[in-house]
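Asker: Before anything else, here's the structure in question.
The values are calculated or read from the model by the stated rules, or taken from the named source; none is laboratory data. As the structure is a computational prediction, the values presented were derived from the model and not from experiment. As a convention, Cβ positions derive from the backbone with ideal geometry for all residues, glycine included, and neighbour counts pool all protein chains shown.
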Amino acid sequence: MTALKQPDSISIAEYLAGEEISDVKHEYLGGTVHAMAGATNRHNVISLNSLALLHGMLRGKPCQPFNSDTKVRIEFPDHTRFYYPDAMVVCHPNPDTDHYQDLPVIVIEVLSESTRRTDLGEKRDAYMSMPSVKVLLFIDSECPAVTVYRRKPEGGFAAELHSGMESTIPLPEIDSALPLAELYERVGFGNK
């Protein structure tokens, strides 16, 4: 992400209005706007696979998946952030007219060379600060491996690594499981 040069910080209302007409998505960090880079085909295939799997799993259930065009709003005591996760599951969605969600239960980020550091640092910490978030999935786009952060009943998160195409990620939070073979379907790791 690259910060746009701005004389002053912009308000949340200005940011949301600008996003409605912009051809480029931007993330908002307490008044500073950062343009998002385009994703690789591999990144997009993994993101779409995760969304398709979640859509099928959640059919007829109260929770619903959202794609990377939906922002998540994170309120801190002194500022607000808006991020575009690659996918998320929400059980208590905002009104249909909103352009963001406040209460994700599951957040998914697909890691790439250009996003890995931010995704596993700043974004992970921000998502973990949200009481609604039960599971974070960081999907590697370079090899079949997913790092899962699952909220513990006593507080905090426990990290799990699921690797190899034969692995399956249990998701009891939504009464489902996510097979890595399906998550990485049509992804060729030999050709970068």
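Asker: Could you look through the stretch 126-171, keep only residues that are polar (S, T, N, Q) and in a loop (DSSP other than H, G, I, E, B), and pick out the one that is nearest to Pro93 (Cα to Cα)? Please lay out each step first, then the result.
Answerer: We begin by selecting, within the stretch 126-171, every residue polar (S, T, N, Q); these are 129, 132, 141, 147, 163, 167-168.
Pick out the ones that are also in a loop (DSSP other than H, G, I, E, B) and you get 129, 132, 141, 167.
Values: Ser129: 18, Ser132: 12, Ser141: 28, Ser167: 30 Å.
Only one residue tops the list, namely Ser132.
Asker: Consider Thr97 against the criteria (1) within 24 Å of Phe189 (Cβ to Cβ); (2) surrounded by fewer than 16 Cβ atoms within 10 Å (Cβ to Cβ); (3) among the β-branched types (Val, Ile, Thr): it satisfies all of them except one. Which criterion is unmet?
Answerer: Result: Thr97 fails condition (1) only.
Asker: List every residue pair whose Cβ atoms sit under 8 Å apart, with the two residues 6 or more apart in sequence or on different chains, where the first one lies in the stretch 32-44 and is among the polar types (S, T, N, Q) and the second, anywhere, is surrounded by fewer than 15 Cβ atoms within 10 Å (Cβ to Cβ) and at pLDDT 85 or above.
Answerer: Pairs found: Thr32/Ser9.
Asker: I need the full set of residues from the stretch 147-175 which are buried (at least 17 other Cβ atoms within 10 Å of the Cβ) and not hydrophobic (A, V, I, L, M, F, W, C), in order please. First the steps, then the outcome.
Answerer: Just the residues of the stretch 147-175 that are buried (at least 17 other Cβ atoms within 10 Å of the Cβ), to begin with: 147-151, 157, 162, 169, 171, 174.
Once the filter is applied, which keeps residues that are buried (at least 17 other Cβ atoms within 10 Å of the Cβ) and not hydrophobic (A, V, I, L, M, F, W, C), the stretch 147-175 yields Thr147, Tyr149, Arg150, Arg151, His162.
Asker: Still on this structure, I have one more. Can you pull out the residues in the stretch 105-116 that are closer than 17 Å to Ala159 by Cβ and surrounded by fewer than 21 Cβ atoms within 10 Å (Cβ to Cβ)? Give the derivation first.
Answerer: If we filter the stretch 105-116 for residues that are closer than 17 Å to Ala159 by Cβ, which is where we start, we get 106-109, 111, 116.
Residue satisfying the conditions is Arg116 alone.
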